[in-house]
Amino acid sequence: MRWEKIAYINTIQPEAVAGEGLNLLWSATGRRGTKTPRKERVYMEIMTAGRKSLLQKIQHTATLSIDWFAVMLAFSIPLSTSAVSVLAVLILTAWIIGGDYSRKWAVITKNPVSLALLFYLGLFFLGLLWTQNISTGLEMIEKQWKLLLFPVLLSSLVYSHRRRYVVSFLVGLTVAMLMTYLAWFNILHYGGVTPEHLTKGLFHVIYNPLLAFGFYLVCHEVLWGKWAVMRRLGLILLAACMAVDMFITEGRTGQVVFFVLLGLLFIQFFSRSKLKAVLFILLILPLTFAAGYQLSPTFQNRVDAAGQEIREFNENPNTSVGLRLLFWKNSWRIIRAHPLFGVGTGDFQSSYAEVNAELSPDMVATDNPHNQYVFILCQFGILGLLSLLTIFFAQIHQAVTCKDDWRRIRIAFPVFFLTIMLAESYLVIYETGFFFALFSAVLFARPGKSAESSAAPGEEQ
């Protein structure tokens, strides 16, 4: 308020500042009735007011831009890694320009999820103390930068715009889904995409888990959102398309978490009748699996291949599932040798190479065991595993204690990540790392004193 009044005075010519102008400045500075300030001081405050106002406008614009950058980031995560990179840099730049660091720091340090994540990230710096390969350790720290976007977004996103970010993600995911259907109908051809392989390269590792969470979000709107009949029917159609797409694409991790989230939906919908929830899980989940297995050759082949690769692991570990089992088996040797603090930030790759040369010399070595829990145990031991689990414990605790209609999604989010991290180091993977940072900020931000009260996803504008 003080500088708004001074900025108004700045529109008056300096030589004309007298009488009412000085009284306005007097009121703005709160010194009416006291000794008159010297003319030089008054003139200096008037002359600097315009510059301060311009700086404030720049900071305000930068802060507002983060909101829209976050919307575009949510849209881009299922579609383009290049767009995600550019938008992440723009968000960080705008956050720095926006200033207001004391408020931002207060928001970051008062949020339990943020504190847990900062402790987790701090281990990567602390782990340099007992790692031998410092350069590899620094590279590993560099890979964590996407998680740092969480405290940045936490202190910048508009609490009442949570629905906007979620809808933007679903729109981007729908575009990605439509591309897979166009490929399925042999209309779209690019980058090795065919009717038998509907995603580019290994993108199904990322796409299917995101599709599973998108399916959960749409079903959540169908069950609890307050929509007109036609819009609800549109959402049901979208959920059905997502479910079919889940079985015609190849991501097994996404397919597993799809069933986990479907079971969670039944538990949440029948929260007052556990028996009904159990009955629906025992009935609907096997029927859905059987239907997918019988109707989708892709799903059937992926299920059969997984079973065969597990059975033949001892004779032929050089398969998709077999390599993962081998990575975990060899990594367990590292964990047993360094149970408390691991091998440090940068020594997993060299340690695994040594174990691999001894136990499976004919197999390829790896820098990623394709399991977030195994990876963090190798790097930081039990301390690392506890720090990782603390992040999700803080999320679940906040989900349980916040009594609004977002609590179901807040529970589903950590369940989602705790499941998919069994099959891949998804906090290290580029797109899912940003997805974690963005949605953690969206779901686990706390309203400030001036924020609107929490609204249900189906009600919020």
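Every read-out reported here was derived from the displayed coordinates using simple, explicitly stated rules and does not represent laboratory data. Values in this document were obtained by computation on a predicted structure and should not be read as measured data. Virtual Cβ from ideal backbone geometry, glycine too; neighbours counted across all protein chains shown.
Couple of notes before you dig in:
- Distance (nanometres) between label positions extended 7 Å along Cα→Cβ at Leu138 and Arg311: 5.1
- Rounded to 10°, Cα long-axis angle of helix 252-269 versus longest principal axis of the chain: 70
- For the range 145-227, convex hull volume per residue from C-alpha positions, Å³: 133
- Assigned charges on the beta-carbon of Lys, Arg, Asp, Glu; the range 77-193 dipole about Cα centre (debye): 420
- Shown here: mean projected area of the Cα convex hull in nm², derived from the displayed model; of the candidates (1) 29.8; (2) 48.0; (3) 21.6, it corresponds to (1).
- Fully extending the segment from Trp130 to Trp227 would add 29.3 nm, taking 0.36 nm per residue of separation and subtracting the current Cα-Cα distance.
- Ser82-Ile187 pseudo-label distance in nm [points 7 Å out on the Cα-to-Cβ vector]: 2.4
- Assigned charges on the beta-carbon of Lys, Arg, Asp, Glu; the range 110-444 dipole about Cα centre (debye): 1680
- Sparsely packed GluC sites (Glu not before Pro) within the range 140-238, loop by DSSP, other Cβ within 10 Å at most 12: Glu196
- Multiplying the residue separation of Phe289 and Trp145 by 0.36 nm and removing their Cα-Cα distance gives an extension gain of 48.0 nm.
- Note on Val158 and Phe119: their simple-model spin labels are 3.4 nm apart, each label 7 Å out from Cα toward Cβ.
- Gain on full stretching of the segment that runs from Lys276 to Ala353 - 0.36 nm per residue minus C-alpha separation: 22.7 nm
- Positive-end residue, the chain charge dipole about Cα centroid, Cβ charges, pick of Pro195, Ile97, Leu383: Ile97
- Helix axis angle, 39-76 relative to the chain longest principal axis, alpha carbon, degrees: 20
- Seen against the Cα atoms of the chain and their longest principal axis, helix 81-97 is set at about 30 degrees.
- Remark: relative contact order (the chain) = 20 percent; criterion is Cα-Cα distance under 8 angstrom and separation of 6 or more residues.
- 19 Å cut-off, amide nitrogen to a point 7 angstrom out along Ser360 Cα→Cβ, residues in the range 288-311: 305-311
- Debye log10 I(q)/I(0) for the range 161-311, one point scatterer per Cα, at q = 0.14, 0.18, 0.20 Å⁻¹: -0.74, -1.16, -1.34
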